[in-house]
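Q: This is the structure I have questions about; it appears just below.
The values are calculated or read from the model by the stated rules, or taken from the named source; none is laboratory data. The shown structure was predicted, so the numbers you read here are calculated from the model rather than taken from an experiment. Ideal geometry is used to build each Cβ from the backbone, glycine not excepted, and the neighbour counts take in all protein chains shown. Quick note on the areas: whole protein, heavy atoms, side chains included, nothing else; ligands and nucleic acids left out. Shrake-Rupley method; radii C 1.70, N 1.55, O 1.52, S 1.80 Å.
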Amino acid sequence: MSGREHKPVKFKSLEGSPGVRASIFQPLDEPVATRLWDAYASLLSNQAMILAMNSSLDFRPPASIIIGRRHPEQIAPNGSAVESMPHETGSGNANSISALDACKRPAFGIEPVATRLWDAYASLLSNQAMILAMNSSFVDPLLQFEAQLTMIESSFKKTFSIPSFDKLREISSRNNNKDLENLHQNILNVYEDTLLILVSKDLYKLQILKEMAVWMSEDTFYLQERALVIITRVLSFASRKAKGFTRVDTPCLGALAAELSLLCSHTDPSITQQASFGMYHLLCIAKCQHEELMKNETTRHDKSGDSYLLYPFSKVEFLPNLLKQDKVNIAESVGQILLPSLLTDFVWSLLMKLSASDSTIAFEAAILLKLTLEYHAPKVTMVSKIVDAIYKQLCQNSSHIMKHAMLHVITLLTHASPKKVIFQLMDYPVPADDTLIMMWHAAGSESKVAPQVLKTILLILKGKPGEMEDYVIERRRLSIDSTNMMPVAASQALCTLLPVASYKKAVAEFFPELLMALMLQLFYSSHMSMVVNDGLFYARDALQVLLNCSGLQEVEVALKKRNCWNQFSHELFHHHGVYLVAKTLGDYNFPQFPETLHYLYKLSVEGPKRSEDSVITVIFLTELLNNFFKDPLPEEFLVLFRNWVNDSNPTVSKLSLQKIASMAPVINQIDNVSSFLLAILDSFLSKDKTVVIRALLTLRRLLGKLDKVTYSSLCIRIASSYCPLMDHGNGGIRSMAVRHFGELLKDMSHYRWMLNHVVLGGLVPLILFLEDTEIRVVRACKSTLAICASELKWPMSCLFDDQNYSFELVVLNICNNLLISHKNYITELIADTLGFLSSSRAYLRRASVILIGYLAALGGHLLLKDEIDVMLEAIERVVRDEDPVIRKLAEITQMLFRRVAQNLTPTNMKQSFQKLFRFIYIQKVKPLYNYNWPSNLTDSPTGTKEIKNDKEGLTYENYEDYLQD
């Protein structure tokens, strides 16, 4: 008996009446107590066997001897025995057996009663022996308790189905025989002793008392008053014993308190009195648990964050007389003293009593439930289980006699734990049935809970139908197909709750949140309509109700005329439906605009839970800003649109770019406009081609209005950003990047000195994509190359005419001009061209072989041997290309590089001298590949010459002559 204070063994005197028994249940030293229990269990076992044998013999026993007599008058007013505790049944002498035998003596009118008493007594003794034997064994505690409970139930039925004491007294007085009274009292003593022994070793077994109360309530035939006397005595003993423990484990107190509290209002005064004493002792036990917690903390939180207050006991009065037929005092005492888990059991037991067949019990339970929950509902845990139980009971019987009481329980629980109640009410299949709608009304019937109810519904509306949420995964699922349909149920609940008059103030407070939450649910519903045949459009209905309840009836009528609601029925037109709602609200100057704008800004800054949610936010915010502000927008909103340019959702990026493009006329009025332009350049890297196209168009539109000072400070960065897009996989993006590059050169014609190196850096893709398979790209390259030639003052515009156009001649002319004016860039251009040799597109490999050949022919003298070795290695891979045309062109280029390599001077000093010499002596060549010549071309439009200091020199007719030079 760990945790108990040890006190010296004290025995009361055994002199006098045999009914006065030693107080062996006072705290004992452990070794002594163990020996006593073993001796007591052994005696009881032997006694049971002796009596069993005795019942089989047919003889007349001697005169009776009274054993362990405990008359009702020995019961003190507080329910305990005067100078009496459990009697060592069978511990006297042979007279005990004689007294039992005396009960079998035939007498007029008493033989059937005696036989019943004798059978009950023998059965109790037998059960007692087995119960106590198991109690001292090493059997699993759960199995042990279940077996003991079964035998105790059997003993209960025999003990309390015998005739009452008053009836036996009447029989005894007629026959002048007191033995029946003594035997009756001993039967009760044996049953009580068994319970006391069990509880003395383990207070957990007070659970048996709760079962006794249940058995007693199931059949009024049992001796209820006598059973309550025993329950009270055992509780009295347990309350004294609990004071010696540092930890009291009695999980049954809540359910037992519910049973006793109902009996406190019984019509029989004796039952009421005993039930009141029982409640008193029970609360004393609970007080021990309460005080233990008070030592450590004053506030405890349950798993959901709800708190309850542990009141000091100076504020709690629960004297027995105050508990008798005083429901208010009972509810107050139970609510303050019982721990949350025990109070939850108390409430649960009373809730189950609402379905009792006895209407009196049901009404009493309803009153106690109401009083308890009015003041102590925050302490109740397992709220969801209680709500679910009510739902099931009302579903089974919609006209339940206690329907209003159950609905009132929902109302009271919502006051204390709105989140738990609402979450449970939304966790049933949709559409909701009449019972669930009735419970919704009960949960939200009062205005003071309306804000909390709407907050919880808004939390649920953040979820996506069909998608499992974190808060759902951990909960028991009730919804259809094991998916999260709670947002759909929440939308339907709003259709029910929003029109309620008590919600008018709360609806006005949460209008922006409700508006946007329902807009998002409309978006999700458009997806669900393809899966669910009938389409769950409660969000649409709820949005219409919200507008009507918020004084926006004209807006709702206008939306119907514009066929807005049908837009939401189709996924493809849903974004247009969002636009129509925002546009219509703006057209009618809805009074909730400031609050809505503030909420949208907050939502945009914090970021939505899902990327698709931000689409609705951007559309709505953009349209409201267009209606109420002129460009440029306030700085706070400009920052949002700048950040959205590179959003992970392509739709958000395009919407933001579209809005920024619309501000082109006032672009110069925006502070820090460079940040917007740089954000657009960053979006060029998007993997979504539609975003890149929108970014190109937006940038071009802004550059057309941008002041030249800012333009010139960013032109190099912008031009460099176009170059990677010239090699984009999408032909439209390639052509736009090429054209915009050319337009930038024209815009910045006065800053030519800044852009020369950028122009030369973009030459390679501009040249190679002249061979593009898409005409729009080829035309864009021709146009931009003409601009580049003009900026570099190269006379070659006639080469881009369709009649005289030849790719090889354009390459030859550009290379010759490079050699004359920008020969220092030839090595860099060769390096850029090498990257295209491994392209997956054949036309790029073909064009790059030709370009690198001419660059090598003209600038080979600028290369070192190591550089040429690398280029030869790259060309050798192309020589094995699957395309025969490319292989042939690559072979010619390979021969060119080998010739260049052969002409290199071995030493580094000689190579440097050779480079210096060839900077002075410039060589021009004519076409080497004869690739794609125009049919009407008779003479080369440009001569191939060798000059000194820009003077005429010798001419080579073909590449073989050059190779032989």
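Q: Ranked by accessible surface with a 1.4 Å probe, highest first, in what order do HIS570, HIS740, HIS404 come?
A: Ranking HIS570, HIS740, HIS404 by accessible area, largest first, yields HIS404, HIS570, HIS740.
Q: Related question: Run the accessible area of region 730-853 with a 1.4 Å probe and give the carbon-and-sulfur part as a rounded percent.
A: 50 percent
Q: Suppose all protein chains stay in the model; what accessible area per residue would a 1.4 Å probe give for region 536-693, in Å²?
A: 44 Å²
Q: May I ask which of LYS379/LYS455; LYS205/LYS385; LYS201/LYS419; LYS464/LYS505; LYS462/LYS505 have a Cα-Cα span longer than 32 Å here?
A: Pairs exceeding 32 Å: LYS201/LYS419.
Q: In whole Å, what is the distance between the alpha-carbon centres of region 590-645 and region 376-426?
A: Here the two parts' Cα centres lie 40 Å apart.
Q: If you don't mind, there's one more thing I want to ask. Provide the packing ranking of 677-687, 755-765, i.e. peptides ordered by the mean count of other C-beta atoms within 10 Å per residue, highest first.
A: Result, highest mean Cβ count within 10 Å first: 755-765, 677-687.
Q: For a 22 Å ceiling on Cα separation, which of these pairs sit above it: LYS583/LYS654; LYS630/LYS746; LYS157/LYS392; LYS157/LYS241?
A: LYS630/LYS746; LYS157/LYS392; LYS157/LYS241
Q: If you take every residue apart from GLU876 with its C-beta less than 13 Å away from the C-beta of GLU876, what net charge results, scoring Lys and Arg +1 and Asp and Glu -1?
A: 0
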